[in-house]
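Taken together, the values in this text are just the output of simple stated rules run on the coordinates, not laboratory data. This is a predicted model, so every value here is computed, not measured. With ideal geometry, Cβ positions are generated from the backbone for all residues, glycine too; neighbour counts draw on all protein chains shown.
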Amino acid sequence: MNTLKKLFGTMAVLGLVSGLASTAVAVPFTAASVEPVLWLDAGAGVSTGTGTFTWADQSAGGVTHNATQTEANRHPSLQTNVINGHSVVRFDSTGGAGNPDWLEVADHADLDIGQASGQGFTAFVVASATTTNQMFYLDKRTPDLDYTLFNEGGNVKWNTGSGQQNVFSQPSTGAFHILAFDLDQTGASSGLKNLWIDGTPDDNNPQAYSGKGVDNDLPMYIGRYQGAPDDFIFDGDFAELIIFN
């Protein structure tokens with residue numbers, strides 16, 4: 001049984017699994033049998049200012065994986081009372097002086113998948129995109145792709161290697177949605193993947209893959225495409241990001 005199924009059976013992850021993102025409320029992970037390696041909650045640990053923007057990791061124990069931005073003109077903003085009275089981190093794809101907003105989380109094995117039998121990865125994003133333009137929620141790659149989640153051509157794509165992507169119709173813009181995605185690797189670079197939006201499974205779940213990309217030593221980017229700091233930038237709000245690995 002994969003990690004996502006275990007979580008669905010033992011807990012309501014931030015109140016997400018019982019309904020749409022509009023019902024999401026952050027709650028402790030005390031009922032869970034596993035802890036996330038990364039938990040970014042816009043209602044906690046967001047530090048703004050003229051120096052470094054920090055979105056502090058709220059996961060318990062282990063290594064702390066804060067999301068940061070040191071360039072002041074690329075800082076996203078903290079917006080309060082946006083989703084059921086809760087805060088969001090708002091990304092502007094145009095940005096100040098033509099410098100769009102994004103964050104990065106320093107590389108660590110906790111955030112890698114790579115190639116190896118027995119690897120697992122489960123993540124949840126609560127976000128609202130403003131447009132249907134191509135934009136990236138998460139991206140971790142060098143020239144080789146470890147994983148990425150992005151909008152393109154009216155679809156949400158969960159991609160873990162060349163051509164190895166789940167595709168789901170992009171949900172309505174300007175509204176919050178829960179994107180849930182996972183991977184169970186049974187071979188060195190093969191296994192099964194799933195993608196859900198607001199609890200609805202992709203028609204191809206579970207999707208077999210056989211070309212998983214290698215891991216890398218570069219940051220995980222939030223709201224940015226790895227290869228182009230000013231292109232394909234996420235425009236909209238992030239309420240939460242949770243990763244189990």
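Scanning for something within 30 Å of Asn99 (Cα to Cα), under 17 Å from the mean Cα position of the chain (by Cα) and not aliphatic (A, V, I, L, M), does segment 191-198 turn up at least one residue?
no
Give the residues of segment 174-215 that are more than 22 Å from Ile242 (Cβ to Cβ) and loosely packed, with under 15 Cβ neighbours inside 10 Å, sorted by residue number.
Gly174, Thr186, Gly187, Ala188, Asp203, Asn204, Ala208, Ser210, Gly211
So which residues in segment 101-123 are in contact with a helix residue (DSSP H, G or I) (Cβ under 6 Å, 6 or more places away or on another chain) and outside any loop (DSSP other than H, G, I, E, B), if there are any at all?
Of everything in segment 101-123, those that are in contact with a helix residue (DSSP H, G or I) (Cβ under 6 Å, 6 or more places away or on another chain) and outside any loop (DSSP other than H, G, I, E, B) turn out to be Gly120, Thr122.
Output the residues belonging to segment 52-96 that are among the aliphatic types (A, V, I, L, M) and either crowded, with 18+ Cβ neighbours inside 10 Å or in contact with a strand residue (DSSP E or B) (Cβ under 9 Å, 6 or more places away or on another chain) (or both). Steps first, please.
Start the filter on segment 52-96 by keeping residues that are among the aliphatic types (A, V, I, L, M), which leaves 56, 60, 63, 67, 72, 78, 82-83, 88-89.
Those that are among the aliphatic types (A, V, I, L, M) and either crowded, with 18+ Cβ neighbours inside 10 Å or in contact with a strand residue (DSSP E or B) (Cβ under 9 Å, 6 or more places away or on another chain) (or both): Ala56, Ala60, Ala67, Ala72, Leu78, Val82, Ile83, Val88, Val89.
Taking segment 130-154 as the region of interest, how many residues are within 16 Å of the chain's Cα centre (by Cα) and among the polar types (S, T, N, Q)?
Total satisfying the criteria: 3.
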